[in-house]
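Peer 1: Please see the structure below; I have some questions.
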Amino acid sequence: MLDRAQVLHVARLARLALDEDEVQRMTQELSKVLDHIEKIRELDLHGVPPTSHVVDVTGSLRSDEPTPSLPPEAAIAEAPEPVQTPAGGGFGVPSPGQPQ
Amino acid sequence: MSKITDLSAAQAATAVREGQLEADEVFAAYLERARGDELNAFTWLAEEPPGWGQAGRLPLGGVPLAVKDLFCTEGAPSQSGSRILEGYRPPYTATVVRKLQDAGAPLLGKTNQDEFAMGSSTENSAFGPVLNPWDRRRVPGGSSGGSAAAVAAGLAPWAIGTDTGGSIRQPAALCGVVGVKPTYGACSRYGMIAFASSLDQAGPLTRDVTDAALLLSHMVGHDGHDATSLDLPGPIELPRSEDLRGLRLGVPEELTGSESGVEPGVRDCFEALLALAEKLGASVAPCRLPHAPHALSAYYLIAPAEASANLARFDGVRYGLRVDGDADLLSLYERTRATGFGAEVKRRIMLGTYALSSGYYDAYYGTAQKVRTKISEDFREAFAEFDFVVTPTSPWTAFELGAKTEDPLAMYLNDFCTVPMSLAGIPAVSIPCGLSDGLPVGFQLAGPAFSESRLLDAAFALEQAIDFDASVVRA
């Protein structure tokens with residue numbers, strides 16, 4: 001069961017601005033889904049290891065050698081605010097601080 | 001002579017390779033059909049055939065491919081059904097799409113899907129729902145609904161999609177086509193816009209089992225860009241079995257019995273197919289998957305948790321939509337995501353963020369991963385006694401548009417029979433096995449990891465015996 005304060009807290013963690021309608025709907029819908037899901041907590045899972053990978057494979061590491069990657073101009077081509085810099089370019093953003 | 005679009009993809013590829021057809025003729029025939037798409041199956045179409053002189057020498061013969069929107073295709077829109085990626089044209093192509101192009105299957109178009117593959121009806125697309133060609137008042141299933149509908153309606157010779165909890169198999173079942181979810185890792189995930197990384201797998205949606213095997217045989221293999229991808233022990237073989245002699249099929253009570261919610265019409269088709277399998281020489285007996293009824297709960301913790309992390313990258317900075325906030329970065333993130341994501345995506349991000357949040361992680365995500373271990377053990381025990389586990393692919397046939405959109409939990413139950421295999425990472429095939437009230441029913445066969453060729457062989461023998469006729473929806 002989720003309450004309104006929890007929904008607002010999780011929305012902030014998820015970087016989602018919810019309107020009042022969505023907060024109410026989310027509170028009800030998530031509570032209903034969680035009530036259903038909760039049933040797995042009744043299972044006896046004592047000593048059961050959690051799955052980390054489904055197929056038995058040993059690590060497949062590549063050799064640590066540099067290979068060509070995307071050129072900077074291609075990497076920033078689809079950005080909402082591409083910025084040209086002497087180093088090759090970047091992503092423009094507003095100040096990370098609070099608004100004045 | 002029969003029309004080009006009446007040929008299966010494998011038949012068309014053979015005709016091109018033997019010089020009876022030009023690759024560009026095949027492309028043009030399908031482009032014309034796809035341009036007349038009344039199902040909203042496509043979100044983008046190529047403008048013209050690639051003009052490959054050499055296509056006739058390649059194994060896939062220049063037979064064009066429909067590709068789910070979420071695969072990155074260089075220079076062509078790759079939007080994952082989302083407004084937050086509207087118009088996005090990636091600078092590179094997904095490995096499986098590139099491999100298929102190299103093998104001679106050029107891009108015909110991109111297909112509509114549920115936003116970020118989250119859904120079972122393709123109603124969650126930012127670009128409008130896809131209609132089922134068997135009955136346009138009904139959904140095609142999802143999330144690869146555009147690929148399934150395009151193949152069923154003959155708008156594309158074959159297609160690829162992705163399956164996280166059933167997103168290839170369930171729409172294949174609801175549209176009367178073949179769908180394959182390979183072993184986790186068989187196909188590279190590089191260039192697939194991620195939903196849940198420990199579950200996502202690419203696979204074919206095709207008119208018949210031979211087409212599926214041919215397409216899959218050129219998709220698999222280790223890729224240096226995806227550390228979880230791997231080489232199969234042997235190549236995917238084209239199927240040729242005519243019977244099921246010696247094959248042991250297990251029917252799990254948990255996914256097929258009275259508690260499972262399988263509709264009577266679907267059950268009738270399923271049972272008729274079990275009888276047919278016995279006639280073809282298989283033995284059929286009940287088996288147990290004791291934890292399978294809990295698979296859906298584990299899935300709806302694991303998949304949203306992974307999605308909440310994967311979708312953090314959509315923040316209005318590097319690509320896609322940006323909505324300015326109050327001149328600070330935090331409100332830019334929050335408003336971009338609030339505007340760009342649809343309701344189901346927000347719901348799953350919230351669920352996943354909650355399941356991973358401090359104080360709840362062990363209770364939810366940790367517990368779900370333990371249940372996942374138990375589900376894998378259940379399958380391992382079943383496969384000690386049986387070659388394959390068989391179930392209906394979906395508990396019901398295609399439902400009406402809007403019938404389940406107001407009830408997330410009811411929508412999630414679509415994945416009841418497909419999610420256990422996803423959690424265990426094992427391969428599964430859905431083939432059409434008949435009609436219930438005029439709508440297709442899917443039959444699912446699942447086997448141990450890397451059993452793709454054997455599964456396709458068995459599916460082929462059944463397909464020949466069923467002789468399912470879908471030509472009416474391609475007319």
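A short reminder: the numbers here are calculations on the coordinates, not readings from a lab. Note that the structure is predicted; figures quoted are calculated from it, not measured. Cβ: placed from backbone, ideal geometry, glycine included. Neighbour counts: every protein chain shown.
Peer 1: From the mean inverse distance of alpha carbon pairs (Kirkwood) and the Cα radius of gyration, derive Rg over Rh for the stretch B:364-423.
Peer 2: Reported Rg/Rh (Cα atoms, Kirkwood Rh): 1.07.
Peer 1: A further question follows. Using the alpha carbons of the stretch B:261-314, what is the convex hull volume per residue in cubic angstrom, as a whole number?
Peer 2: Taking the convex hull of the Cα positions in the stretch B:261-314, it is 149 Å³ per residue.
Peer 1: How far, in degrees from 0 to 90, does helix A:20-37 lean away from the longest principal axis of the Cα atoms of chain A, to the nearest 10?
Peer 2: 60 degrees
Peer 1: For the stretch B:214-274, what number results from the quotient of the Cα radius of gyration and 2.2 N^0.38 Å?
Peer 2: Scaled against compact globular proteins, the figure is 1.72.
Peer 1: Consider just the alpha-carbon atoms of the protein assembly as shown and return their Rg together with their Dmax, both in angstrom.
Peer 2: Rg and Dmax of the protein assembly as shown, Cα atoms, are 23.0, 78 Å.
Peer 1: Also: Report the label-to-label distance for B:R245 and A:L70 in nanometres (one decimal), using points 7 Å from each Cα along the Cα→Cβ vector.
Peer 2: Label-label distance for B:R245 and A:L70, simple model: 5.5 nm.
Peer 1: Assuming a ≥ b ≥ c are the square roots of the Cα gyration tensor eigenvalues, decide whether the stretch B:382-471 counts as rounded (a/c under 1.5), prolate (otherwise, with a/b larger than b/c) or oblate.
Peer 2: It is oblate, given that a/c is not under 1.5 and a/b is not larger than b/c.
Peer 1: Return the average number of partner chain Cβ atoms within 10 angstrom of each residue Cβ along peptide B:335-343. Let's see the in-between values first.
Peer 2: Values: counts 3, 4, 5, 7, 1, 0, 2, 0, 4.
Taking all residues of B:335-343 together, the mean is 3.
Peer 1: Sorted from largest to smallest, which semi-axis lengths in Å does the alpha carbon gyration tensor of the stretch B:320-431 give for its equivalent ellipsoid, taking the root of 5 times each eigenvalue?
Peer 2: 36, 21, 12
Peer 1: Using only the alpha carbon atoms of the stretch B:1-129, find the Kirkwood hydrodynamic radius as the inverse mean reciprocal pair distance, in angstroms to one decimal.
Peer 2: Here the Kirkwood hydrodynamic radius works out to 15.2 Å.
Peer 1: Turning to a different aspect of this structure: Taking Cα atoms, how many degrees apart are the long axis of helix A:4-13 and the longest axis of chain A, rounded to 10 and kept between 0 and 90?
Peer 2: Taking Cα atoms only, the helix is inclined about 20 degrees.
Peer 1: Amide H to amide H, which residues 5 or more places from B:D226 or on other chains are under 5 Å from it, using H placed in the peptide plane?
Peer 2: Hits under the 5 Å cutoff: none.
Peer 1: Quick one: length gained pulling B:E32 to B:D231 fully straight, 0.36 nm per residue minus the C-alpha distance?
Peer 2: Values: separation 199, 0.36 × 199 = 71.64 nm, distance 3.75 nm.
Net length gain for the segment: 67.9 nm.
Peer 1: List the residues, sorted by chain then number, that are 5 or more residues from B:Y88 or on another chain and whose placed amide H is less than 5 Å from its amide H.
Peer 2: Counting only residues 5 or more places away or on other chains, the set is B:S78.
Peer 1: Other chains' Cβ within 10 Å of B:325-332 residues: what's the mean?
Peer 2: So the per-residue partner count for this stretch is 6.
Peer 1: For the residues B:V130, A:V23, B:V178, what sequence is obtained by ranking on other C-beta atoms within 10 Å, fewest first?
Peer 2: Lowest count first: A:V23, B:V178, B:V130.
Peer 1: Report ³J(HN,Hα) in whole Hz for each residue of the stretch A:68-82, in order, from the Karplus equation J = 6.51 cos²θ - 1.76 cosθ + 1.60 where θ = phi - 60°; Gly and Pro get x.
Peer 2: After applying 6.51 cos²θ - 1.76 cosθ + 1.60, I find x, 10, 4, x, x, 5, 6, 5, 9, 4, 9, 6, x, 9, x Hz.
Peer 1: How many angstrom lie between the C-alpha centres of the stretch B:422-441 and the stretch B:149-179?
Peer 2: Answer, in whole Å: 10.
Peer 1: Another question, if that's okay. Please report B:M219, B:M192 as a ranked list, fewest other C-beta atoms within 10 angstrom at the top and most at the bottom. Display every interim value, and only then the final one.
Peer 2: Details: B:M219 22, B:M192 25.
Neighbour counts put them in this order, fewest first: B:M219, B:M192.
Peer 1: Oh, and also: Do me a favour and compute the ellipsoid semi-axes for chain B from its Cα gyration tensor, root of five times each eigenvalue, largest one first, whole Å.
Peer 2: Those come to 31, 29, 20 Å.
Peer 1: What net charge is computed for the residues neighbouring B:G166, neighbours being all others with C-beta under 14 Å from the C-beta of B:G166, Lys and Arg scored +1, Asp and Glu -1?
Peer 2: Charge balance in the 14 Å sphere: -2.
Peer 1: Dividing the alpha-carbon Rg of the stretch B:225-367 by 2.2 N^0.38 Å yields what?
Peer 2: Relative to the rule-of-thumb radius for its length, the stretch B:225-367 sits at 1.60.
Peer 1: Then there's this: Would you order B:L356, A:L70 from fewest to most other beta-carbon atoms within 10 Å of each residue's own beta-carbon?
Peer 2: A:L70, B:L356
Peer 1: Follow-up. Assuming 1.567 mPa s and 4 °C, estimate D for chain A with Stokes-Einstein, Rh taken as the Kirkwood radius over Cα pairs, in µm²/s.
Peer 2: Values: Rh = 19.8 Å.
Answer, rounded: 65 µm²/s.
Peer 1: A further question follows. With helices defined as uninterrupted DSSP H runs, which ones in chain B have an alpha carbon span along their own long axis of at least 24 Å and mean Kyte-Doolittle hydropathy of at least -1.0?
Peer 2: For chain B, where a helix must reach 24 Å along its axis and average at least -1.0, the hits are B:367-385.
Peer 1: Hey, another quick one. Could you tell me the extents of the stretch B:76-222's C-alpha atoms along the three principal axes, largest first, rounded to whole Å?
Peer 2: Cα spread of the stretch B:76-222 along its principal axes, largest to smallest: 41, 36, 28 Å.
Peer 1: When Cβ neighbours within 10 Å are restricted to other protein chains, what is their mean count per residue of peptide B:316-323?
Peer 2: Going residue by residue through B:316-323 and averaging, the value is 5.
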